[in-house]
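Following: one structure in structure tokens, then a few remarks.
The values are calculated or read from the model by the stated rules, or taken from the named source; none is laboratory data. Just so you know, these numbers come straight off a predicted model, no measurement behind them. Cβ placement follows ideal geometry from the backbone for every residue including glycine, while neighbour counts extend to all protein chains displayed.
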Amino acid sequence: MIASISIVVGFKHSISNKVIGFTANLQIIPFDNNQSLEAQPMNIDRDFIKLLPTIPNVKHIQFVAQKGGVLKTEDQIQGVVLKGVESNYDWSFLSKNLVDGKLPKLTDKRDYEVLISKILADKLKLSVGDKVRVWFVNNNEQGARGRKFTVSGIYNTGLENFDGSLIIGDLDVVAKLNNWKPGEVGTVEILLKNPDKVKATADAIYHDIPYDLNIVTATELYPQIFNWLDLLDMNVVVILVLLILVASITMISTLLILIIERTSMVGLLKALGATNKSIGRIFLLRSTSIVLKGMLWGNVLGLLFYFVQLKFRIFHLDPQSYYVDYVPVELHLQQFLMLNIGVFAVSLLILMIPTWYINRVTPSKALRYE
């Protein structure tokens, strides 16, 4: 039970953190029906931008924009999405997943640098320091506009939805390609201190932004990923129910064997004046001690698996199928205590069932029982 809970919680948080690392917890976008990558610009000189850092639970705000294009090498071509970021962009997530090179330098406007994924680097046979050209097309222009970039680094997160197409570069490039005015961006990304309060924070921000803007969560942007993660909760419920059923049958069988083996003793105690309740309490205490020993060893083995996997990551996964290359584990003290208390309470209730057999034992028959 400890292993199943820690794996599912760790897996959900690992994937969620990766998605949020690319998209942030919240995004403020123009209020329109545009589903393409040609986003409508918004002006960051508005008064509500200054109010965002003062809202509780807001950790960091950053301005980004995206634009679709085609990356072309001498013998390869690939559709990509350029995500333009500013110098205040939170690089902590991509820094942890950087496998080669360094983060792009955004201050040099003469030589634009980009960060590409390992999937794109392997597919297009690119390495750090290579020059690449990406072609972009605007809706109101007939010809394509090319931009030359230098690969500064290569990242690998395991999320093929993003790694397969996303490159990260300078926001100034996207703004110039879209012919935006100074101070215009595509999206305002908001990172939160406590991700569990994302709904309350989104509601608070929604009342402060202008009518022509909307705020969306990472769950709303990528429902297919988060709905899939929510289905894992059902897996945990099924696993826990099956384990409890197996344990319950084992405990009932054990207690019945103890009572049947000592039927003569039960008859003798009844003949001496002992009540069914007092005799049942004796067997219940004995069974409880067995349950506690089993729980002790279960906790030892479960926590041993948890800490070994957390430290050494000895169990691996296929990243193409599971988005991570190892089995992530995460267990909180509250979950650990609730699991133990719940198992112990259920065990006591289950152990009450065999004690009803004591009521059917009569001294005259029990004393002759062998």
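Tally up the residues in the stretch 135-161 that are assigned to a helix (DSSP H, G or I) and either modelled with pLDDT of 95 or more or over 31 Å from the mean Cα position of the chain (by Cα) (or both), please. Total meeting the criteria: 0.
For THR201, the stated conditions do not hold, so it cannot be described as free of Cβ contacts under 8 Å to residues at least 24 places away in the same chain, surrounded by 15 or more Cβ atoms within 10 Å (Cβ to Cβ) and either in the same structural domain as ILE28 (by TED's automatic domain parsing) or in a helix (DSSP H, G or I) (or both). Taking the conditions exactly as written (touching a helix residue (DSSP H, G or I) at 6+ places or on another chain (Cβ under 9 Å), at pLDDT below 95 and surrounded by fewer than 20 Cβ atoms within 10 Å (Cβ to Cβ)), does ASN88 satisfy them or not? No. Under the condition of being at pLDDT below 90, among the β-branched types (Val, Ile, Thr) and assigned by TED's automatic domain parsing to the domain that holds GLU189, the residues counted in the stretch 210-258 number 0. Filter the stretch 109-134 down to residues that are hydrophobic (A, V, I, L, M, F, W, C), surrounded by fewer than 17 Cβ atoms within 10 Å (Cβ to Cβ) and not in a loop (DSSP other than H, G, I, E, B), then give me how many there are. Selection size over the stretch 109-134: 0. Starting from the stretch 120-143, take each residue that is within 19 Å of LEU103 (Cα to Cα) and list its partners that are assigned to a helix (DSSP H, G or I), counting only C-beta distances under 8 angstrom and pairs at least six apart or across chains. Going by the 8 Å Cβ cut-off, the qualifying pairs are LEU120/ASP163; LEU126/LEU120; SER127/ALA121; VAL132/LEU124. The criterion of being under 30 Å from VAL241 (Cα atoms), in the same structural domain as ASP172 (by TED's automatic domain parsing) and surrounded by 15 or more Cβ atoms within 10 Å (Cβ to Cβ) does not hold for VAL58. Inspection of the stretch 298-308 identifies no residue that is loosely packed, with under 12 Cβ neighbours inside 10 Å, more than 15 Å from LEU258 (Cβ to Cβ) and among the polar types (S, T, N, Q). Determine whether ASP90 is assigned by TED's automatic domain parsing to the domain that holds LYS18, touching a residue at least 40 places away in the same chain (Cβ under 8 Å), within 24 Å of ASP203 (Cα to Cα) and touching a strand residue (DSSP E or B) at 6+ places or on another chain (Cβ under 8 Å). It is true that ASP90 is assigned by TED's automatic domain parsing to the domain that holds LYS18, touching a residue at least 40 places away in the same chain (Cβ under 8 Å), within 24 Å of ASP203 (Cα to Cα) and touching a strand residue (DSSP E or B) at 6+ places or on another chain (Cβ under 8 Å).
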